[in-house]
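Accompanying notes for the structure given below.
The values are calculated or read from the model by the stated rules, or taken from the named source; none is laboratory data. Everything quoted here is computed from the prediction, not taken from an experiment. Here Cβ is always computed from backbone atoms with ideal geometry, including for glycine, and neighbour counts include all displayed protein chains. Accessible surface is based on the protein model in full, side chains and every heavy atom, while ligands, DNA and RNA are left aside. Shrake-Rupley method; radii C 1.70, N 1.55, O 1.52, S 1.80 Å.
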Amino acid sequence: MAKPVRIAIIPGDGVGGEVMSEALPCLDWARSRGRSMETISLPYGASHYLATGETLPEAAFAQLRDRCDAVLFGAVGDSRIPDGRHAEEILLRLRQGLELTVNYRPCRPLMPGHGPDLDIEVFRENTEGPYCLQGSTEPGRAVDLAIHTEPAIRRLLQAAFQRAATRSRPLTLAHKANVLKHGHGLWVRVFEDLRREHPGVAARAMHADALLCALVQDPTAFGVIAADNYLGDLISDLCAAYLGGMGVAPSISWAPHRPFRCSALAEPVHGSAPDIAGKELANPVGMILSTALLFRHLGWKAEADALEGAVKDALSDGAKTPDLGGTLTTAAMGRAIRDRLPS
Ligand code: NAD
Ligand code: IPM
Ligand code: MN
């Protein structure tokens with residue numbers, strides 16, 4: 001029998017736990033179809049930090065890195081920790097410590113007739129740029145450093161070029177090299193290198209400000225969009241709006257160079273949504289579609305297709321949470337999706 005896949009489960013804060021509760025039965029469903037999997041639940045998040053002083057202990061990180069294959073993550077963020085220290089030491093530590101360079105955020109309509117007929121896939125670099133968290137604050141002066149390195153840029157852009165080539169989609173690099181001459185200048189140089197190596201891909205680099213205007217005017221003109229960590233964060237939230245908002249957008253990050261056993265992290269694009277947490281209002285679709293992306297990453301294509309299909313069927317049948325104009329609770333939406341899964 002194949003060795004079981006080991007998945008670390010981190011629900012995190014706010015709606016993270018609520019939407020994770022609807023993803024876990026989807027793992028059980030995959031198991032019931034013969035997928036061999038072990039899960040390990042980890043308590044890290046704001047409440048654990050406030051109770052114990054621990055964010056993500058180094059020993060726990062090392063175990064996860066060396067003994068798990070992937071992480072399924074809810075969200076972090078809590079107003080009781082205004083400097084967001086735990087979010088940095090948990091989520092950014094996972095992204096950076098596991099070298100999960102590629103953050104993939106697809107944006108495709110979830111039901112027929114729902115918004116423009118777009119097919120956008122954002123490839124966001126996930127470990128560098130201003131997220132290196134180096135800087136300083138003095139009275140009246142503040143500095144945030146942004147570090148960009150060629151290996152990470154190349155890995156991210158290679159993944160984006162490959163995807164554009166495989167799917168015959170146009171590729172656009174978002175950058176501001178007209179101002180950020182050093183960091184984004186490097187992005188453009190690596191992009192031009194790879195463009196020469198991929199003559200079959202319709203690739204162009206665009207200033208990010210002009211790109212955003214064009215993206216709002218006609219999102220159907222875009223295919224794969226590659227960006228650094230900061231611009232990719234902004235662009236992917238804009239794209240989520242086309243799908244119906246933050247509640248439905250999925251993501252997965254991976255390490256193409258596979259430096260460690262644990263080489264993927266699936267999480268919705270949204271955060272802990274404190275404004276709706278505890279009210280059963282959260283949409284579990286982003287979390288469940290992230291679970292489908294994890295299945296696909298693991299090579300479980302039939303389960304990934306079925307889960308995405310069940311989400312589309314539920315939405316097309318009118319099952320919706322309030323963010324999409326419906327009345328279902330988080331749990332009822334989760335059930336509506338699971339009811340449409342094949343046995
Ligand atoms: P957010 O994504 O939590 O919420 C933005 C808006 O989207 C809110 O109106 C919220 O109600 C709505 N929303 C989010 N998830 C939803 C869902 N599942 N269903 C329905 N509506 C949903 O972003 P924010 O308010 O800017 O940040 C809140 C906290 O989350 C902050 O601490 C922030 O740092 C953190 N955050 C964490 C992640 C993450 O863990 N990956 C991502 C983004 C923000
Ligand atoms: C996201 C979030 C995070 C980010 C925050 C919580 C650090 O906005 O996952 O998109 O900026 O990457
Ligand atoms: Mn974000």
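Kirkwood radius, the chain, all distinct C-alpha pairs, inverse of mean reciprocal distance: 20.6 Å. For the stretch 171-238, trypsin sites (Lys or Arg not before Pro) meeting the loop criterion (DSSP other than H, G, I, E, B) and having at most 12 other Cβ atoms within 10 Å: 181.
Counting only DSSP beta bridges whose two residues both lie in the chain, roughly 40 percent are antiparallel. Taking other residues whose beta carbon is less than 15 angstrom from the beta carbon of residue 339, and scoring Lys, Arg as +1 and Asp, Glu as -1, yields +1.
Each Lys and Arg Cβ is given +1 and each Asp and Glu Cβ -1; about its Cα centre, the chain then shows a dipole of about 980 debye. Working value for the stretch 115-243: equivalent-ellipsoid semi-axes of 26, 18, 12 Å, each the square root of 5 times a Cα gyration tensor eigenvalue, largest first. The GNM of the chain, with springs linking C-alpha atoms under 10 angstrom apart, assigns the highest mean-square fluctuation among 264, 210, 241 to 210. Take the alpha carbon atoms of the stretch 89-156, find their center, do the same for the stretch 296-332, and report the distance between the two centers in whole angstrom. Answer, in whole Å: 26.
Round to a whole angstrom and tell me the spacing of the C-alpha centers of the stretch 15-50 and the stretch 182-245. Taking the Cα centre of the stretch 182-245 as reference, the centre of the stretch 15-50 is 33 Å away.
When +1 charges are put on Lys and Arg Cβ atoms and -1 charges on Asp and Glu Cβ atoms, the dipole computed for the stretch 115-243 relative to its Cα centre reaches about 380 debye. The residues packed around residue 226, meaning those with a beta-carbon under 10 Å from its beta-carbon, carry a net charge of -1 if Lys and Arg are +1 and Asp and Glu are -1. With helices as the sole contributors, the chain gives -12500 deg cm²/dmol at 222 nm; each DSSP H run of n ≥ 4 counts as -39500 (n - 2.57), and the sum is divided by every residue. Pairs with C-alpha atoms separated by more than 26 Å, drawn from the list 176/301; 279/312; 279/320, are 176/301.
Computed over protein heavy atoms with a 1.4 Å probe, the accessible surface of the stretch 115-243 works out to 47 Å² per residue.
Write down the percent of antiparallel bridges among all DSSP beta bridges whose residues are both part of the stretch 115-243, to the nearest 5. Roughly 30 percent of the DSSP beta bridges within the stretch 115-243 come out antiparallel. Charge tally around residue 127: other residues with Cβ under 12 Å, Lys/Arg +1 each, Asp/Glu -1 each, net 0.
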